[in-house]
Structure formats: C-alpha cells, structure tokens
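The values are calculated or read from the model by the stated rules, or taken from the named source; none is laboratory data. It should be emphasised that the depicted structure is a prediction, and the values quoted were computed from it without experimental measurement. Cβ placement follows ideal geometry from the backbone for every residue including glycine, while neighbour counts extend to all protein chains displayed.
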Amino acid sequence: MMSDDGIRSTYRSYHEWFSEQDNRRLAKKSAQAEALFKRTGITFNVYGQADAEERLIPFDLVPRIVSNSEWTKLAKGIDQRVRAINAFLHDIYNRQEILRAGVLPKKLIAENDAFLPQMIDFSPPGDVYTHIVGTDIVRTGEDDFYVLEDNARTPSGVSYMLENRETMLQMFPELFSKIRVQNVSNYPKNLRRSLEACAPASCDGRPTVAILTPGIYNSAYYEHSFLADQMGVELVEGHDLRIVDGHVAMRTTQGYRTIDVLYRRVDDAYLDPLTFNPNSALGVPGIMDVYRAGNITIANAPGTGVADDKAVYSYIPDIIEFYTGEKAILKNVETYRCSEPDALKYTLSNLSELVVKEVHGSGGYGMLVGPAASKRELSEFAEKLKAHPDNYIAQPTLSLSTVPIFTKKGLAPRHVDLRPFALVSPDGVDITPGGLTRVALKAGSLVVNSSQGGGTKDTWVLED
Amino acid sequence: MFRFLERAENTARLLEAGFRIALTRSTDAESEWRSVIITLAAQQGFEAKYDTYDSTHVINYLLRDADNPSSILSVVNAARDNARLVRTALTSEVWMSVNETWMQLTQILKHQVREVDLPDVLATIRQQAALVRGALNGTMLRTDVYRFCQVGIHIERIDNTARIIDVKYYSLLPATSIVGGRLDNVQWETLLRSVSAHRSFRWAVEDGYTGPAIANFLILDSRLPRSLIFCSKEIVSNLAFIEQAYGERATCHDMADKLLQRFSNREISTIFEEGLHEFISSVLGDTANLGYQIEKDYRFNI
C-alpha cells in the first residue's frame, strides 16, 4: 500500500534507514559485496563465451521486501499449484483421467517431447515427482500476482537466495536488528530432510543422499557444490557412479556405497545413456532400471518437464481445478497457443505488443519481446512463427510493478520477478519464506535472466 | 590440491634463496639459477625456451609461464580447479582461502614481475599459503579427508627436500668440509634457506656448519618439519589413522613403513657410506611409488 509520500508501507523502515545513509558509503558497500561474491566463488558460466569463463551475477543491495500477508497468500497459491502439478504428473503417467475427461487435448501430451514413455505405469517413491519447484512470479499491482513459469524440472538459483542473505547480513547487520526478516538459512537442512523423506521404501536406516552434477563447466556448478556442502551430502558426477547389485552406488575411498536419493542436476536426456541419449557421458548407464525397480529416488523425477512446458502452462488453472476442486489462487498470464489458428492469427497481427516464447525454451533464449523488437526482428520472427506455430506461445506484456535499485544516481525503479522455492515430500509442501528476486538492470527492460544481463537482490519476507 | 599449494610454496622458497644469491654473489648467479631449475625438474622445459640461465628468464619461467606446468601460476590455477572439484570435501573457510589465493596471485602475476617487486610477490605467496594451511588446520574435521590432505602435503615435502639435497649433494659430502672449509659456504646457506631452516639450524645444531651436520639435519632430524624423517613419520601416522578408520590395511601402509625405516635409527655416516646421491635417488623413487600406490589403494583414479 502506498502512503502519501509514495513509499510502500513494507518499505517504510528500510526507507528510514536508507535516507540516513551516505551514497558514497553505499557505493563502497556495493563494491564490497562484489568482492565478497568473488571470494566465495559465486560465479556462473555463460555458454558460448570463451573469454568470460566465470562471471558474477550483479547484486543490488536494496532488498526486495514482501509483507507477511502478501507472502501468506503467495505461499498458499504455490502450495496449491505444486500439489496440483504432482497430481497431474501422477495421473498423466498412469490413468490419464484428465485426458479422458477432455480437460486437456490428448495431442498436447502425445506430441510432447518431455513426456517420457519410460515413466508410464510407474509411481516414484512417495508418489512425489517434483521434489523441488521454483515458481516464477511477477506482480502487476497491489494484489495481483501472476505465475510466469512453474520450473518443475531442476530449478536453479536457490544458492543466490542463501548467499544474497549472507552478504546482506555481513554488510548491513544493523538493518536486521531494526527490521524483522524471516530466516531462509534452514533451506539446506529442510532440503535434505525433504529428500530423505522421499527415499525408496526398501531403504532402511538413514538414507544416503547425493547430488549429481554435470561437472565444473556447467553454468550452475557453484550451486551444485554449494548445496552439497551445505546439506552435508556428496557431490558426484556420472563417472563416479555405477550399478552395483541392483543399486546405484558411488565410488568412495572405501569402495562403492549405495545411494538412496539422487538429487540430479542433469537433464532427463542425459540421465541414462541406455534409455535416453546414448552419447551422454554425464549420466549413469542403467539408472532407469534401478529406478523402475524401486531402488533409488531421482529428484526431480524424470519426465516432469511435461508439466512446465509453456503450452501445458496455459492449462494449469484447469489442472488445478480438476485435481483440487478449487479455483487457482495465483493467476496465470493470458496465453495464446499459436498451435490454434485463431491464436496464431491474433499473435501475428499484434506481434509488436506481445512476448512470444518457445514452448520448450528456457533461460530467455529464443524469445521475442515485441515492444522492444525492431521492425526487422518482428518480420523475421513472424516467418518463424508461421513455419512452426506449434513451437510457440504468445503472452501480453504485463505492466510489471517496479522496485527500487541502487544506482550511481541514487534509487531508480526496475522490473523484477520472484522465484520462491517449494520442497515436496510425503510429509507435505515446505516453502522457504523468501526466494530469488531477479532484476532487469537496464531501465525499462523486462528481461531478468542472468544469461541476458539481469541481476539479483535479497528477498525479505517480513515477520508480522 | 594441497600438493599443488605446497609446491607453489616450495617454488617460492627456492626462488627466494636463488634470488638472494643472485643479488649478493653475482658471479655465482647463473649456476645457482641452474640448480634451482634442476631442483624443480624443469630443466628440459626451460632449456627448450631459453639459452641462458638469466635471472629475468628464470624468475618469469618459475612464477608465471603458462608453458611451465609447475610455475606458480599454473600450480595455483590447478589447485583452485581442484578445490572447486572437491568443494564439498573442504570447509568454506578452506575453499575461500584457496579462492582468494588464486584471485590474488592471478592478479599480481598478470604481468612480468620486476626484480624490485620480487620480494613482495614472494612474501604474498608464502602468506597466502600460510592462510590456506591455517584454514585447513583450524576448520577441517579430522576425518579421512583431512588425513589424505596431510599425506599429500608431506609426500610433496619429501620430494622437495630430497630434490634440494640431491642437486647439492656434492657440497654436503664430508670431503667438502675439509677442502672448502669455509664457514660461509654459499651452497650450504642456500640449501638451508630453501627449506626455511637457516635460522633453525643455528638453534638446533651445535656442531656448526659442516656438510654432514647439514645433511643430518635435513634428513634425520625429526624436529625439522621439512626433514625427510619428519615427513615420513607424518605420512605413516596419517595413513595409520585411515587404516584404523577403514579397518583395513593396504599395500601403501607397508610402503610407507619401509620409507620411514630408511631414516629411523640411522646414522648419517652410514648414509654417506651407502652413497648420498644413490640414497636420495632411491628415496625419490620410493616416494613417487608410494604416491601412486595410495591413489590405487584408495581409488583416487578410476
């Protein structure tokens, strides 16, 4: 809520503190934060840029503040969505009631590359498919939250949620005694507990958890090693693993040791060269057989991509209603499926006002932001659209709300999104109060992806 | 990874000792640099690039030449890559100290180091190495991981000290003390300085500068943390911890015991009788084999 001086009530205490600060001191702090990130090694690799092997994501020192009541609503909405998506995945790989009921066109699943036939008639341990979900949310007005994407495969960015907070605590300890912010630091502990709760029924004793990484050249390697370290579990690569007596086991200095829960940060296609991409050196040959025999939990389950595909996304409100009997709490952005002739026609004639995305794309690659595109880009994209309409969806550009960032000239408004992280286990859904706030650092820009020059902020959820 | 950092530190020490000679006795400089390069087993690579053992070349080659896999820059890069790879085995303090070392050294070694700046640069290298060691000792759980780190560090140290002795073994022979007889024998001083023991020697050894006394100090004195016997003891005791923790004895344990036996209850005179050079050569061989055997016994390579 804005008051007369134009300051949202959630930012009031922060603003009081901020107005007492000296800009030069803050600029110094900004540099200090960068040095801290470098020292901790929080870097990411950009694909296809040889000279910039490791880069820092720019960090903005003004936190994004969410009130307790806003958060409560968000968390409820995410909880509902995540449960529905799990129910949907179980259904789609088993009885397919939702297709029989005609809520979803059969074609949408049958022709979906992310749908894995290997998962048919199989229930993963605890019936959990999406152990970790990162829901991308934007805000357009006081009480208007929209979900942009559900990220049900292997959402990344949680290390920034944790490290951004650590950095803020180190740089501005006084702020945290002034403003009561909910804690995020339990995430690694909760993640481990949640993963352990999903261990196969056959596992007795404390389950052994490990993180599977594609290796140090992966763009999110820092996060993989960070999470393993924070959870106190092993970080492994495909070549460390093999099948021993019907179980997946990792190489240790004392021989092979069975893994019960594998939190994999390797895509489906590379997971098992015997089942999927035969050229993959990142996966474990035979892991899918162990999985189907019920001897290991893979988090997230293979084939969850079918739920965060952008065409399926447009049906999520229907999916929620079908499985929970409730209306969706969080809104979906209106989506034109270009596979439908009317929608394609509409998209083509309104291209300069729409955002067009590839159905299976991610990371902000291959998308068109109509209002920011040149005439030539628009006409080139129109050709692509006409050639493969099934490949695209279009959405109106939302008039996103802004939050302040710190610039050389003081505070300035920028567009942001928010990715809270939800953990799913048979014990329930656990959502950490906070998340990754990504910010478009260029004035007016709507693209927040780190691969496209976006930055991050700490996200504060206030106590009551 | 710790072997890499240990190597960087050893190289820095040798550079420091060499630099001192080059400054104070310019006539001996070339042969001194040559022996530094030989000690670091870098002769072939160096001579492929340069014709003379000129200070500028040697310093640059050892500090920052990317063609030299043992240059401090190469080794620090390798150590940091390695640390990233085994990130979860390290505490965040150890990781950050390694990362910071890498950041600092890649920065100061970006351009050729001028001779006037060399002492500062070498001091930074040693300081960073101390920082990593401090983080290791102060924060790591005393599990097998820590023990393997210690084993690696001490294998690297034996290798280093043994090489230093080997390159100058002739100056240590009893004969030299009669022929040369100079108390300020340059060779001896560099030798001690290269293992940071020139001051310790004066405190620990009473019978003064003679070749055999120095050889005895570097090989058989278990008070000196870079002597061959001290390092072998460390390897044996750390491996014993692993043996106990795993409840299993492997081939490498016997090899380590044998290595230590070479130094236990030995008189330096019997080593001279055996031939110092032959003795050191076989120690170098045994140490390398021990390293391979540990990798094999504990599956460090696939």
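For segment B:194-229, how many residues are within 23 Å of the chain's Cα centre (by Cα), outside any helix (DSSP H, G or I) and either within 14 Å of chain A (Cβ to nearest Cβ) or more than 19 Å from B:ILE153 (Cα to Cα) (or both)? First the steps, then the outcome.
At the first step, the residues of segment B:194-229 found to be within 23 Å of the chain's Cα centre (by Cα) are B:194-205, B:209-229.
Pick out the ones that are also outside any helix (DSSP H, G or I) and you get B:195-197, B:205, B:209-210, B:221-227.
After this cut, where a residue has to be either within 14 Å of chain A (Cβ to nearest Cβ) or more than 19 Å from B:ILE153 (Cα to Cα) (or both) as well, the list is B:205, B:209-210.
Residues that pass the stated criteria total 3.
Give, as residue ranges, the helices (runs of 4 or more DSSP H) completely inside segment B:54-118 that count at least 2 residues that are touching a helix residue (DSSP H, G or I) at 6+ places or on another chain (Cβ under 9 Å) and aromatic (Phe, Trp, Tyr).
Numbers: elements: B:55-64, B:72-85, B:92-108.
The helices (runs of 4 or more DSSP H) meeting that bar are B:92-108.
Is one or more of the residues making up segment A:307-316 of a type in the set (Val, Ile, Thr), touching a residue at least 12 places away in the same chain (Cβ under 8 Å) and surrounded by fewer than 17 Cβ atoms within 10 Å (Cβ to Cβ)? No, every residue in segment A:307-316 fails to be of a type in the set (Val, Ile, Thr), touching a residue at least 12 places away in the same chain (Cβ under 8 Å) and surrounded by fewer than 17 Cβ atoms within 10 Å (Cβ to Cβ).
The selection criterion, being at pLDDT below 90 and surrounded by fewer than 19 Cβ atoms within 10 Å (Cβ to Cβ), holds for B:VAL116. For A:ALA281, the test of being modelled with pLDDT under 90 and more than 20 Å from the chain's Cα centre (by Cα) is passed.
For segment B:96-132, the set of residues classified as charged (D, E, K, R) and within 14 Å of another protein chain (Cβ to nearest Cβ) consists of B:GLU100 only. Condition first: closer than 22 Å to A:TYR187 by Cβ, without any contact (Cβ under 8 Å) to a residue 24 or more places away in the chain and more than 10 Å from every other protein chain (Cβ to nearest Cβ). Now tell me which residues in segment A:201-237 satisfy that. Once the filter is applied, which keeps residues that are closer than 22 Å to A:TYR187 by Cβ, without any contact (Cβ under 8 Å) to a residue 24 or more places away in the chain and more than 10 Å from every other protein chain (Cβ to nearest Cβ), segment A:201-237 yields only A:ARG206. Checked against (1) modelled with pLDDT of 95 or more; (2) buried (at least 18 other Cβ atoms within 10 Å of the Cβ); (3) not basic (Lys, Arg), B:ILE280 passes all but a single condition, namely (1).
Just for segment B:82-95: of the residues that are surrounded by fewer than 19 Cβ atoms within 10 Å (Cβ to Cβ) and at the interface with chain A (Cβ under 8 Å from one of its Cβ atoms), which one is nearest to B:PRO119 (Cα to Cα)?
Of all residues in segment B:82-95, those surrounded by fewer than 19 Cβ atoms within 10 Å (Cβ to Cβ) come to B:82, B:85-86, B:91-93.
Those left that are additionally at the interface with chain A (Cβ under 8 Å from one of its Cβ atoms): B:85, B:92.
Details: B:LEU85: 32, B:SER92: 30 Å.
Filtering segment B:82-95 for residues that are surrounded by fewer than 19 Cβ atoms within 10 Å (Cβ to Cβ) and at the interface with chain A (Cβ under 8 Å from one of its Cβ atoms), the one nearest to B:PRO119 (Cα to Cα) comes out as B:SER92.
Determine if segment B:126-144 includes at least one residue that is farther than 30 Å from A:ALA228 by Cβ, in contact (Cβ under 8 Å) with a residue 24 or more places away in the chain and not assigned by TED's automatic domain parsing to the domain that holds B:CYS231. Yes - at least one qualifying residue is present in segment B:126-144. When we screen A:THR154, A:THR135, A:THR208, A:THR213 for residues that are of a type in the set (S, T, N, Q), in contact with a His (Cβ under 7 Å, 6 or more places away or on another chain) and crowded, with 18+ Cβ neighbours inside 10 Å, the only hit is A:THR213.
Among the conditions (1) of a type in the set (A, V, I, L, M, F, W, C); (2) more than 14 Å from every other protein chain (Cβ to nearest Cβ); (3) under 16 Å from B:PHE148 (Cα atoms), the only one that B:ILE271 does not satisfy is (3).
Name the one entry in B:ALA79, B:ALA135 that is among the small types (Gly, Ala, Ser), out of contact with any strand residue (DSSP E or B) (no Cβ under 6 Å at 6 or more places or on another chain) and more than 13 Å from chain A (Cβ to nearest Cβ).
Numbers: B:ALA135 fails: more than 13 Å from chain A (Cβ to nearest Cβ).
It is B:ALA79.
Among the residues of segment A:1-55, the one identified as among the hydroxyl-bearing types (Ser, Thr, Tyr), at pLDDT below 70 and assigned by TED's automatic domain parsing to the domain that holds A:THR456 is A:TYR47. Residues in segment A:183-225 that are under 17 Å from the mean Cα position of the chain (by Cα) and among the acidic types (Asp, Glu): A:GLU223 only.
So, in segment B:293-302, exactly how many residues are surrounded by fewer than 14 Cβ atoms within 10 Å (Cβ to Cβ) and either among the polar types (S, T, N, Q) or away from chain A (no Cβ under 14 Å) (or both)? So the count comes out to 1.
Matching residues to (1) touching a residue at least 12 places away in the same chain (Cβ under 8 Å); (2) under 23 Å from B:MET1 (Cα atoms); (3) not in a helix (DSSP H, G or I):
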site	(1), (2), (3)
B:CYS231	yes, yes, no
B:LEU239	yes, yes, no
B:ALA256	yes, yes, no
B:THR270	no, no, no
B:HIS277	yes, no, no
B:SER281	yes, no, no
B:GLY285	no, yes, no
B:GLY291	yes, yes, no
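Against the definition (surrounded by 15 or more Cβ atoms within 10 Å (Cβ to Cβ) and either outside the structural domain of A:THR135 (by TED's automatic domain parsing) or closer than 30 Å to A:VAL103 by Cβ (or both)), how does A:PHE406 come out, yes or no? Against the criterion (surrounded by 15 or more Cβ atoms within 10 Å (Cβ to Cβ) and either outside the structural domain of A:THR135 (by TED's automatic domain parsing) or closer than 30 Å to A:VAL103 by Cβ (or both)), A:PHE406 does not qualify.
So if I check each of A:GLY283, A:GLY246, which one is touching a residue at least 40 places away in the same chain (Cβ under 8 Å) and crowded, with 19+ Cβ neighbours inside 10 Å? Working first, answer last.
Details: A:GLY246 fails: crowded, with 19+ Cβ neighbours inside 10 Å.
Answer to the selection: A:GLY283.
The lone criterion from (1) closer than 23 Å to A:ARG192 by Cβ; (2) among the basic types (Lys, Arg); (3) at pLDDT below 95 left unmet by A:LYS106 is number (1). Summed over segment A:249-275, the residues that are in a loop (DSSP other than H, G, I, E, B) and touching a residue at least 40 places away in the same chain (Cβ under 8 Å) give a count of 6. Determine, yes or no, whether A:GLY294 is in contact (Cβ under 8 Å) with a residue 60 or more places away in the chain, under 30 Å from A:VAL248 (Cβ atoms) and not in a helix (DSSP H, G or I). For A:GLY294, the condition - in contact (Cβ under 8 Å) with a residue 60 or more places away in the chain, under 30 Å from A:VAL248 (Cβ atoms) and not in a helix (DSSP H, G or I) - is met.
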